[in-house]
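The values are calculated or read from the model by the stated rules, or taken from the named source; none is laboratory data. This structure is a prediction, so every number in the text was calculated from the model and none was measured. In this analysis, Cβ positions are derived from the backbone assuming ideal geometry, glycine residues included, and neighbour counts consider all displayed protein chains. SASA here: full protein model, heavy atoms, side chains in, ligands and nucleic acids out. Shrake-Rupley method; radii C 1.70, N 1.55, O 1.52, S 1.80 Å.
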Amino acid sequence: MQNNTLNSANVQKTAFRELMKGVATCIPGHVLALLENGAKQRAQVQIGIQRIDINGAVFNPPPIIDVPVCFIGDDYVVEYQIDAGCEGMIFFSQRCVDGWKNTGGIADNPLGRFHSLQDAFFIPGFRSLGNVLPDFQNNGIRMRNKSGNQFAWLKNDGSIAVENSAGHIRISPDGVVTINGVTFQTNGDVESPTEIKSNTMTATTNGTFGGKSMIDHVHIGVEAGPSNTGVPL
């Protein structure tokens, strides 16, 4: 009697296990293509884990098409580039979302699907070890490219940095701004480690270059008279 009970329990477990294989919840995957160049924020995605059928055969799940991609926000959003190979998590709705994808709000439920692979959503950003961000900094928030040589960074000390491979802008916590080595103090002073070359420079009060005031400086080697000195050499 006990053996029959155990066999029955094993059959039920096996049947339940096979039924649950068809229930989609969430699973990692990657983008195969962003559809229509992102105009509708939909993608074709590929599940990232192989499946095994009841006979033990291994196979790759088919691609899922027309999958909404998450871009965080509403009236103000974070927009980012999605390329083929972008890793993330695929989530599956507990009901058919065909109607909702077109209308939003409280949509019709045209089909009796439950936890179906056809009702997928994609959130980018979950990464495997082979795709981690190099030079990751657990400091504030940074919008960056993958290589890390182009970014806008709000740091946790109150400073801000914006850089690309050609130049940088940095704002210190006390408000001092540095642009490619030229420093702008909060009182209006400008300091440069090298000679400043420009066609036009305008100051509303005064300017100091090499320690010399533009208003109060004097020239040596000339005699006072009605004429002006020559132009700078």
Practice item. Under 9 Å between Cβ atoms, at least 6 apart or on separate chains: pull out the pairs that start in the stretch 123-149 with a residue that is in contact (Cβ under 8 Å) with a residue 24 or more places away in the chain and in a loop (DSSP other than H, G, I, E, B) and end on any residue that is surrounded by 12 or more Cβ atoms within 10 Å (Cβ to Cβ) and among the small types (Gly, Ala, Ser). Key: Gly125/Gly88; Phe126/Gly88; Arg127/Gly88; Ser128/Gly48
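Using the structure shown, decide if Glu87 is under 24 Å from the mean Cα position of the chain (by Cα) and over 20 Å from Ile47 (Cα atoms).
no
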Point to revise | Among (1) in contact with a strand residue (DSSP E or B) (Cβ under 7 Å, 6 or more places away or on another chain); (2) open to solvent by 50 Å² or more (accessible area, probe 1.4 Å); (3) under 24 Å from Ala39 (Cβ atoms), the one test that Ile141 misses | key: (3)
Check your understanding: Within the stretch 110-122, can you find the residues that are among the small types (Gly, Ala, Ser), assigned to a loop (DSSP other than H, G, I, E, B) and at pLDDT 90 or above?
Key -> Ser116
Check your understanding: Say we look at the stretch 157-215 and pick out the residues that are open to solvent by 70 Å² or more (accessible area, probe 1.4 Å) and of a type in the set (D, E, K, R); which of these is modelled with the lowest pLDDT?
Key -> Lys197
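Being part of a loop (DSSP other than H, G, I, E, B), under 30 Å from Met20 (Cα atoms) and small (Gly, Ala, Ser) narrows it down to one residue among Ala166, Ala107; which is it?
Working: Ala166 fails: under 30 Å from Met20 (Cα atoms).
Answer to the check: Ala107.
Where in the stretch 1-104 are there strands (runs of 3 or more DSSP E), lying wholly inside it, with at least 2 residues that are free of Cβ contacts under 8 Å to residues at least 24 places away in the same chain, surrounded by 13 or more Cβ atoms within 10 Å (Cβ to Cβ) and in contact with a strand residue (DSSP E or B) (Cβ under 6 Å, 6 or more places away or on another chain)?
Result: 42-47.
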